[in-house]
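Asks: Before anything else, here's the structure in question.
The values are calculated or read from the model by the stated rules, or taken from the named source; none is laboratory data. Keep in mind that what you see is a predicted model, and the values were worked out from it rather than measured. Here Cβ is always computed from backbone atoms with ideal geometry, including for glycine, and neighbour counts include all displayed protein chains. These accessible areas exclude ligands, DNA and RNA; they are computed on the full protein's heavy atoms, side chains included. Shrake-Rupley method; radii C 1.70, N 1.55, O 1.52, S 1.80 Å.
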Amino acid sequence: QVMEVDKYSGYDSQGEESSSSGPYTRGSSNNPFIESVRPLIELIDSLKCIGLDEDINLPSIAVVGDQSSGKSSVLEALSGVALPRGSAQDTLAGNSVGICDELITLEISSPDVCDLTLIDLPGITRVPVNGQPEDIGDQIRSLILKHIDKSEAIILVVVPCNVDIATTEALRMAQNVDPEGLRTLAILTKPDLIDRGAEMDVLNIVEGKVIPLSKGYIIVRCRGQSDINNRLPFEKAMEAEQNFFRKHPYFSSLLAEGNASIQCLALKLTKELGDHIKKSLPTLTEQIQNKLLNVQRDLKNFDQGPPLSEELMGPFLSEIILMFSDQINELSRTGHSSDGNIYTVLRPVFKKWDSHLRSTEATFKERVTKMIEEYNEVHRGRELLTFSEFCEFECVIQNHVAALQEPAIETLNDIREIVQDKFREVCYSSFEQYPPLRYIISNMINDIQSKQEAEAEKRIKEFINMEQLVFTQDKVLQKKLDESELLEKTGLASSDTSNFDEDMTFNSKGCSLLDTRNMVPDKLVLYYEIVYQRLTDYVPMLITLFMLKDAAKTLRYQIIELRNGADVCKLLSEDPDRERIRADLKHRQDRLSQALDLISNRL
């Protein structure tokens with residue numbers, strides 16, 4: 001049989017040292033009930049051995065008590081050995097004045113001990129002593145709550161008989177986390193120190209008349225300080241305890257009812273832990289299955305990593321580079337990527353460019369109209385009255401088109417940012433675990449985009465300059481004029497033709513401006529329609545070609561060339577954190593799978 005005590009390092013009780021003169025027998029080896037619950041307790045121990053308690057809270061018994069409550073003596077009586085105190089804990093906690101979160105695990109194997117796993121929590125203290133930290137009380141309470149707050153824990157509260165149980169800190173903490181007392185079992189110690197006349201009060205407590213607990217109370221008499229000093233063997237202490245209760249005028253009935261003695265406590269704890277484990281197993285199994293599923297999902301986000309053999313690293317590098325190249329090709333060809341289509345992001349930018357072009361049409365017409373109105377006074381040169389100089393009208397178009405260069409370049413900048421970010425996303429998702437490779441390709445993307453942007457900007461400026469030549473084929477403009485004339489005739493069909501005479505107005509010089517004032521603006525606006533159509537299509541097409549299509553082609557070529565003469569081991573160096581996380585996930589997967597096998601095989 002095996003009893004395990006997980007003892008938190010720290011200053012406890014009086015820091016006394018004690019030793020055992022040998023084991024003592026409880027006769028539990030042949031108890032049919034003990035034999036029936038042993039597989040359950042051994043199962044939990046096996047799950048702890050594989051480290052499952054790192055993933056899931058396992059059924060346990062947490063022992064809580066004030067300092068000097070007799071907690072350590074109870075555990076020593078249960079285990080049959082002296083537990084480490086005082087200097088035995090200095091290494092972890094530091095000179096026996098503090099506590100730490102590390103456990104001291106003691107495993108006692110003997111045919112004479114009960115199958116139990118107990119967590120011995122530090123004794124509750126209120127005032128720091130002997131150089132303890134000022135907040136030692138808060139530290140201890142926080143550590144205790146960390147364990148007893150878990151629904152999987154049975155709370156074993158140790159309280160001396162000679163104090164007011166309702167005022168003990170240990171029981172109050174248990175009540176805060178277990179208000180209905182469903183998980184709490186109380187142990188009353190030091191019955192030999194009860195004041196005469198207070199025996200009935202203790203009986204009322206044990207019978208649940210003061211503070212009811214569903215798991216009840218057990219009263220025990222362990223070795224006292226004088227027994228420890230005299231090295232009284234545990235077997236003798238147990239005999240003395242049996243005699244004490246058997247002859248006690250008030251407590252003898254408790255022994256007969258199974259509510260007194262360490263031996264009764266051992267059987268009670270074994271039964272309670274066994275029942276608790278049995279009830280917890282379905283939930284525990286479900287938790288393990290859910291945890292395993294989550295771990296397996298997380299592992300999918302972590303590729304298996306590069307091959308360990310250098311001979312296989314080259315082909316592996318080629319494989320992941322070609323996969324990246326295929327993704328970039330698909331992105332440039334169809335726009336598709338893992339998180340959507342890039343054109344859904346590009347299209348609004350191009351629409352913004354189109355809207356800007358369309359919004360400038362009214363401004364252009366206003367400029368032309370104003371120029372005509374002021375033509376004779378401001379613009380007319382040596383040409384005769386009613387004649388106009390084409391260059392003047394050409395200047396209006398040129399100035400207007402020149403102003404479109406800046407928003408066209410802004411459109412290019414916006415598209416470059418979108419495409420570059422998208423390329424980087426593909427790079428990061430493809431080479432997330434290989435920082436050197438990711439860094440090189442990310443810089444490659446940036447360099448290619450910069451060069452493509454410079455070339456695209458040059459082409460846009462060239463096209464804006466070409467538009468300032470003010471040119472289109474005659475048939476193109478004539479088609480626009482014919483369409484406009486048809487619309488005008490349709491609109492004027494019902495109008496009085498005498499209005500034509502009214503349109504033959506004269507300026508202050510007595511010259512007719514019919515042609516220049518009424519027809520030239522419309523003709524120029526028709527020409528601007530041609531300019532608009534060329535620019536609204538050409539700029540997006542040019543930007544798409546340079547920043548997406550050609551950039552993708554160049555990137556694919558350069559990354560394929562990257563394989564030649566590359567330091568494969570360096571390129572495939574993994575992020576240490578990622579490597580650690582993958583290893584941890586694999587360990588957790590193995591641990592959880594092994595846990596399911598253990599549960600399946602034991603039950």
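Asks: Restricting attention to the stretch 132-151, which residues are acidic (Asp, Glu) and at pLDDT 90 or above?
Replies: Asp149
Asks: Right, here's the next one. Which of (1) open to solvent by 50 Å² or more (accessible area, probe 1.4 Å); (2) without any contact (Cβ under 8 Å) to a residue 12 or more places away in the chain; (3) assigned to a loop (DSSP other than H, G, I, E, B) does Gly208 not meet, given it meets every other one?
Replies: (1)
A quick yes/no check of all residues on (1) in a helix (DSSP H, G or I); (2) more than 30 Å from Lys549 (Cβ to Cβ); (3) at pLDDT below 80:
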{"position": "Val368", "(1), (2), (3)": "yes, yes, yes"}
{"position": "Leu385", "(1), (2), (3)": "no, yes, yes"}
{"position": "Glu392", "(1), (2), (3)": "yes, yes, yes"}
{"position": "Ile397", "(1), (2), (3)": "yes, yes, no"}
{"position": "Glu406", "(1), (2), (3)": "yes, no, no"}
{"position": "Asp414", "(1), (2), (3)": "yes, no, no"}
{"position": "Arg424", "(1), (2), (3)": "yes, no, no"}
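Asks: Got a number for residues in the stretch 234-266 being open to solvent by 60 Å² or more (accessible area, probe 1.4 Å) and among the hydrophobic types (A, V, I, L, M, F, W, C)?
Replies: Of the residues in that region, 1 qualify.
Asks: Would you confirm whether any residue within the stretch 438-447 is assigned to a helix (DSSP H, G or I) and touching a strand residue (DSSP E or B) at 6+ places or on another chain (Cβ under 9 Å)?
Replies: no
Asks: Could you tell me whether Glu169 is within 22 Å of Cys222 (Cα to Cα) and of a type in the set (Asp, Glu)?
Replies: yes
Asks: Let me ask something else. From the list Lys278, Lys291, which residue is in a helix (DSSP H, G or I) and open to solvent by 80 Å² or more (accessible area, probe 1.4 Å)?
Replies: Matching residue, one of Lys278, Lys291: Lys278.
Asks: Let me ask another. Return the residue satisfying two criteria in turn: it lies in the stretch 66-82 and is in a loop (DSSP other than H, G, I, E, B) and open to solvent by less than 10 Å² (accessible area, probe 1.4 Å), and of such residues it is farthest from Asp120 (Cα to Cα).
Replies: Gly80
Asks: Further question on the same structure: Just checking, which of Arg231, Arg221, Arg196 is open to solvent by 50 Å² or more (accessible area, probe 1.4 Å) and in contact with a strand residue (DSSP E or B) (Cβ under 9 Å, 6 or more places away or on another chain)?
Replies: Selected residue: Arg221, the only one of Arg231, Arg221, Arg196 that is open to solvent by 50 Å² or more (accessible area, probe 1.4 Å) and in contact with a strand residue (DSSP E or B) (Cβ under 9 Å, 6 or more places away or on another chain).
Asks: Of the residues Asp597, Asp575, Asp584, Asp537, which is open to solvent by 80 Å² or more (accessible area, probe 1.4 Å) and either within 30 Å of Val37 (Cβ to Cβ) or of a type outside the set (Phe, Trp, Tyr) (or both)?
Replies: Asp597
Asks: Shifting gears a bit: When you check Gly305 against the structure, is it open to solvent by less than 30 Å² (accessible area, probe 1.4 Å) and in contact with a Phe, Trp or Tyr (Cβ under 7 Å, 6 or more places away or on another chain), yes or no?
Replies: When the stated conditions are applied, Gly305 does not pass them.
Asks: Quick check on my filter: what residues within the stretch 41-65 are open to solvent by 30 Å² or more (accessible area, probe 1.4 Å) and in contact with a Lys or Arg (Cβ under 9 Å, 6 or more places away or on another chain)?
Replies: Matches in the stretch 41-65: Glu42, Ile50, Glu54, Asn57.
Asks: From (1) open to solvent by less than 70 Å² (accessible area, probe 1.4 Å); (2) more than 30 Å from Glu257 (Cβ to Cβ); (3) not in a loop (DSSP other than H, G, I, E, B), pick out the condition that doesn't hold for Gln132.
Replies: Result: Gln132 passes all but (3).
Asks: How many of the residues making up the stretch 549-582 are in a helix (DSSP H, G or I) and touching a Gly at 6+ places or on another chain (Cβ under 9 Å)?
Replies: 4
Asks: I'd like to know if the stretch 229-237 contains one or more residues that are aromatic (Phe, Trp, Tyr) and in contact with a Ser or Thr (Cβ under 9 Å, 6 or more places away or on another chain).
Replies: The answer is yes; a qualifying residue exists.
Asks: Using the structure shown, decide if Ser214 is surrounded by fewer than 19 Cβ atoms within 10 Å (Cβ to Cβ) and part of a helix (DSSP H, G or I).
Replies: It is false that Ser214 is surrounded by fewer than 19 Cβ atoms within 10 Å (Cβ to Cβ) and part of a helix (DSSP H, G or I).
Asks: Can Phe350 be described as modelled with pLDDT of 95 or more, open to solvent by 30 Å² or more (accessible area, probe 1.4 Å) and hydrophobic (A, V, I, L, M, F, W, C)?
Replies: The answer is yes for Phe350.
Here is a yes/no grid of residues against (1) hydrophobic (A, V, I, L, M, F, W, C); (2) surrounded by 14 or more Cβ atoms within 10 Å (Cβ to Cβ); (3) modelled with pLDDT of 95 or more; (4) assigned by the TED database to the domain that holds Ile409:
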residue	(1), (2), (3), (4)
Ala454	yes, no, yes, yes
Lys475	no, no, no, yes
Asn499	no, no, no, no
Val531	yes, yes, no, yes
Leu542	yes, yes, yes, yes
Phe546	yes, yes, yes, yes
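Asks: Filter the stretch 426-437 down to the residues that are part of a helix (DSSP H, G or I), open to solvent by 20 Å² or more (accessible area, probe 1.4 Å) and in contact (Cβ under 8 Å) with a residue 24 or more places away in the chain and list them by number.
Replies: Result: Ser429, Ser430, Pro435, Pro436.
Asks: Quick one: count up the residues across the stretch 163-185 that are in contact with a helix residue (DSSP H, G or I) (Cβ under 7 Å, 6 or more places away or on another chain) and either modelled with pLDDT of 90 or more or open to solvent by 60 Å² or more (accessible area, probe 1.4 Å) (or both).
Replies: 6
Asks: What residue, among those in the stretch 546-603 that are hydroxyl-bearing (Ser, Thr, Tyr) and more than 26 Å from the chain's Cα centre (by Cα), is farthest from Leu437 (Cα to Cα)?
Replies: Looking at the filtered set, the residue picked out is Ser600.
Asks: Please enumerate the residues belonging to the stretch 170-205 that are of a type outside the set (A, V, I, L, M, F, W, C), farther than 27 Å from Glu241 by Cα and assigned to a helix (DSSP H, G or I).
Replies: Once the filter is applied, which keeps residues that are of a type outside the set (A, V, I, L, M, F, W, C), farther than 27 Å from Glu241 by Cα and assigned to a helix (DSSP H, G or I), the stretch 170-205 yields Arg172, Gln175, Asn176.
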